[in-house]
Amino acid sequence: MEVSSTFHDDAGVYAGPDEPYLFGRVRVSGPDPEHRSYRSFAPFTDPDGNGWLFQELTHRAPGRVDTGATTFTSSADLAAALRRAEAAHGEHEKRTGGQRDEDWPDWYAEYLIREQAGKDLPL
């Protein structure tokens, strides 16, 4: 599989069919300067000759994730999420004066759900 160089469009908004992007008529070299979600692309073809586009996502747009459901595909996936929550919670405890947070399970749960839904994370 060969991936081409990253590009964005000069208008800063993706609109219209993929064809102009795949064939280079509206490309600006490099990623979107502000790294906004859904604004940078990298085309590639698979071994069967099908064309595809990668998009840079820094956060998910509303409606793209079922925010009512939180799932993990494996114990390793859940463990990694818990490690991220632990690190973030350590920062939370520093901001709140370094006291042990007795409600840490509630904080972790909120963090995990918000992270997976693409919402702002708790402070």
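The values are calculated or read from the model by the stated rules, or taken from the named source; none is laboratory data. Note that the structure is a prediction, hence the values are computed from the model and not measured. Every residue, glycine among them, receives a Cβ derived from its backbone with ideal geometry; neighbour counts consider all protein chains shown.
Values for this structure:
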read-out: Those residues of the range 88-121 which are among the aliphatic types (A, V, I, L, M) and under 20 Å from Thr58 (Cα atoms), in sequence order; value: Ala88, Leu112, Ile113, Ala117, Leu121
read-out: Residue match in the range 58-75 (condition: out of contact with any strand residue (DSSP E or B) (no Cβ under 7 Å at 6 or more places or on another chain), modelled with pLDDT under 85 and outside any loop (DSSP other than H, G, I, E, B)); value: yes
read-out: Single residue of Gly30, Gly51 found to be within 30 Å of Phe7 (Cβ to Cβ), at pLDDT 85 or above and either of a type in the set (Phe, Trp, Tyr) or in the same structural domain as Asp9 (by TED's automatic domain parsing) (or both); value: Gly30
read-out: Residues located in the range 107-123, provided they are part of a helix (DSSP H, G or I), hydrophobic (A, V, I, L, M, F, W, C) and out of contact with any Asp or Glu (no Cβ under 7 Å at 6 or more places or on another chain); value: Ala109, Leu112, Ile113, Ala117
read-out: All positions within the range 88-106 that are part of a helix (DSSP H, G or I), out of contact with any His (no Cβ under 7 Å at 6 or more places or on another chain) and over 19 Å from Gly118 (Cβ atoms); value: His89, Gly90, Glu91, His92, Glu93, Lys94, Arg95, Pro105, Asp106
